[in-house]
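Structure record follows, encoded as structure tokens.
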Amino acid sequence: MLLIVCRRIGYFIVTLVTMMILKRFGKRIQQLRKQQGISQEDLAFKSGLHRTYIGGIELGKRNLSLNNIARLAKALKISLSKLFEDLK
């Protein structure tokens, strides 16, 4: 019983941390997109991702693969390290 409770608490903490990371990353994508003056639709076209997927990323509701993160960096014309810079 105790082991099951510990696993659930651990899972809950990991889930919370993941959600926080996704929200911060989404805000970063939105910030960079707006700095460049492009719409979600434009970013979607440039990255080869769907417009609603971009919206989900910016809201922190999508868990991206490394491949899609690289596609976003390329579409925003920045390096991966720059993409993760100032991720607060």
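Residues of segment 22-55 that are among the β-branched types (Val, Ile, Thr) and closer than 16 Å to Lys82 by Cα: Ile29 alone.
When only residues in segment 68-85 that are modelled with pLDDT of 95 or more, of a type outside the set (Ser, Thr, Tyr) and assigned to a loop (DSSP other than H, G, I, E, B) count, which is farthest from Ala44 (Cα to Cα)? Here the answer is Ile78.
One residue is enough: does segment 1-16 have a residue meeting the conditions of a type in the set (Gly, Ala, Ser) and modelled with pLDDT under 95? Within segment 1-16, one or more residues are of a type in the set (Gly, Ala, Ser) and modelled with pLDDT under 95.
A count restricted to segment 43-67 and to residues that are outside any loop (DSSP other than H, G, I, E, B), over 26 Å from Thr15 (Cβ atoms) and touching a helix residue (DSSP H, G or I) at 6+ places or on another chain (Cβ under 8 Å) stands at 5.
Please find, among Gly56, Gly26, Gly60, the residue that is at positive phi and under 12 Å from the mean Cα position of the chain (by Cα). That would be Gly60, the only listed residue that is at positive phi and under 12 Å from the mean Cα position of the chain (by Cα).
The values are calculated or read from the model by the stated rules, or taken from the named source; none is laboratory data. This is a predicted model, so every value here is computed, not measured. Cβ atoms come from the backbone with ideal geometry, glycine included; neighbour counts cover every protein chain shown.
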